[in-house]
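Notes for the one structure printed next.
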Amino acid sequence: QPDNFVARPGKERSDSVARHTANVVVLTAGRQKICGRLETIARPRGARRRRGRSDTRRTRTMRLLRAAALLGAVLAVASSASTNGDRDLSREVKALQNMNARAVDAQFRKTHGVSREVEALRRKNAPCAIRGVEPSTAFVVFTRQRAGSRWFVNTLDARSGGRFNSRTREISLKGSKSFYELKAVKGHAACLKKNPSKPCSCVLRQVYANANTKPPLAPGFKFMIGNDFFRGSRVPRMNAFAASICDLKIPFVFLLRKNILRRIISLRALEMNKALHVAHPDTEIVAEEVRHYKPRIQINGFMGLAPWIARETKDQSKLLQLFKYHCGGEWHVGNRLHWYEDLVDGSPTSADEWGNVLFQLGAWNTSNATRIQQLLGPRGWRGPSATTVVHGSRPVADLVANFGAVNRTLRGTRYAWMLD
């Protein structure tokens, strides 16, 4: 299984692989030299010298014994090294094999635009028993909880010009009971397996057929990425799902937050808000009540602040690498990553970012935000305001109860800018 979806290897790993390659080359050259020496010793003197007496039988016997002794010494060294060096050699060989596999996969994606797994899924003609009518167009937004996804889909529906279903539901492989999970479809376990398969693509087709309640409006889903989703060896769990998205050519975008600290604060504040339990306030009065909850951010431990931010940053990189591997040539995955901070109305790049989002998801056949605004009109572009901003650009010091500890933890690190 190629591992293109993991974090990109650094210089240390590249130097290590280069060193392993050099060792293998030197080892091969040394073996050839030893074999040539044995062959030279075993040959009669007359074969090595054009002039001189031929060796007697005794001399030839002694030379063969010397050759056998040298060969025995080489085998003894190899036997002693097998306990210590075979593992290193095995790792070197595996590293070379992985390098070769990645090179072959990269060339395949350059030629076909997709991974071998996706190309194999498209070649299979296995029928899918779909109930209902499949939509002609659809989309999916990969995001996280408290990343502004509710505001995003509301604005997306308004600026789609009536082309998207106004009810964008939530879907996840593992989420809370309120999420629309794949378990509602028979055979959903195929999307939880490590290897891509056609049954998972059939499950996705059925999910969108079930959501196609207002044709010809395109149904869409928010795929909620759980905090534990990419932890450790669980990364391949999404491999089948991502391959099926690319197999069916479903348009997608990523909505994530640059400032992970603010997302953590919002998440912890929601956990404290058990009395109101308002995730998306619709009035300023309710939003003001929610602002009274100032959580204490955990600093130490596995769920500590710095490890959490580092882990989430790495997970987001893995997510992009996974889709780049499966369909990077077709979809230009890097351009489909959109940050919440760049999309909000106060950002100077908001209009251009929204133009790209609407074009990538198929709402409009142009990414020119000015042209889309002209077609929608000021009211259509602004859209209905179904949610109210809770924290917004308020200082972090006003949002948490232990800002001193948070400041000491992040100040001087590469995450210090999140305190602003």
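The values are calculated or read from the model by the stated rules, or taken from the named source; none is laboratory data. Being a predicted model, the structure only gives us computed values, none of them experimental. Counting neighbours? That spans all protein chains shown, and the Cβs are built from the backbone with ideal geometry, glycine included. These accessible areas exclude ligands, DNA and RNA; they are computed on the full protein's heavy atoms, side chains included. Shrake-Rupley method; radii C 1.70, N 1.55, O 1.52, S 1.80 Å.
Computed quantities for the displayed model
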| quantity | calculated |
| --- | --- |
| Candidates LEU358, LEU375 - the one that is of a type in the set (A, V, I, L, M), open to solvent by less than 70 Å² (accessible area, probe 1.4 Å) and assigned to a helix (DSSP H, G or I) | LEU358 |
| Residues (out of contact with any Phe, Trp or Tyr (no Cβ under 7 Å at 6 or more places or on another chain) and either open to solvent by less than 20 Å² (accessible area, probe 1.4 Å) or without any contact (Cβ under 8 Å) to a residue 24 or more places away in the chain (or both)) located in the range 125-140 | ASN125, PRO127 |
| Long-range neighbours under 6 Å by Cβ, at least six apart or interchain, first residue closer than 13 Å to ASN368 by Cα within the range 334-355, second open to solvent by 20 Å² or more (accessible area, probe 1.4 Å) and among the charged types (D, E, K, R) | THR349/ASP342; GLU353/ASP342 |
| Candidate set from the range 180-204 (those that are assigned to a loop (DSSP other than H, G, I, E, B) and open to solvent by 70 Å² or more (accessible area, probe 1.4 Å)); member that is farthest from LYS124 (Cα to Cα) | LYS186 |
| Selection within the range 298-314 - open to solvent by less than 10 Å² (accessible area, probe 1.4 Å) and within 10 Å of the chain's Cα centre (by Cα) | none |
| Residue within the range 168-176 that is within 18 Å of ARG237 (Cα to Cα), open to solvent by 70 Å² or more (accessible area, probe 1.4 Å) and either at pLDDT 85 or above or in a loop (DSSP other than H, G, I, E, B) (or both) present | yes |
| Of all residues making up the range 386-407, the number that are in a helix (DSSP H, G or I) and surrounded by 11 or more Cβ atoms within 10 Å (Cβ to Cβ) | 6 |
| Condition met for ASP345 (in a loop (DSSP other than H, G, I, E, B), open to solvent by 20 Å² or more (accessible area, probe 1.4 Å) and charged (D, E, K, R)) | yes |
| Filter result (at pLDDT 75 or above and open to solvent by 90 Å² or more (accessible area, probe 1.4 Å)) within the range 272-297 | HIS292, LYS294, ARG296 |
| Scope the range 145-167; condition among the basic types (Lys, Arg) and modelled with pLDDT under 90; matching residues | ARG146, ARG150, ARG167 |
| Within the range 361-372, considering residues that are in contact (Cβ under 8 Å) with a residue 24 or more places away in the chain and open to solvent by 20 Å² or more (accessible area, probe 1.4 Å), the one nearest to the chain's Cα centre (by Cα) | GLY362 |
| Subset of the range 320-340 (residues that are closer than 26 Å to SER197 by Cβ and at pLDDT 90 or above) | LEU320, GLN321, LEU322, PHE323, LYS324, TYR325, HIS326, CYS327, VAL333, ARG336 |
| Meets criteria (touching a residue at least 24 places away in the same chain (Cβ under 8 Å), touching a strand residue (DSSP E or B) at 6+ places or on another chain (Cβ under 6 Å) and not in a loop (DSSP other than H, G, I, E, B)) for VAL118 | no |
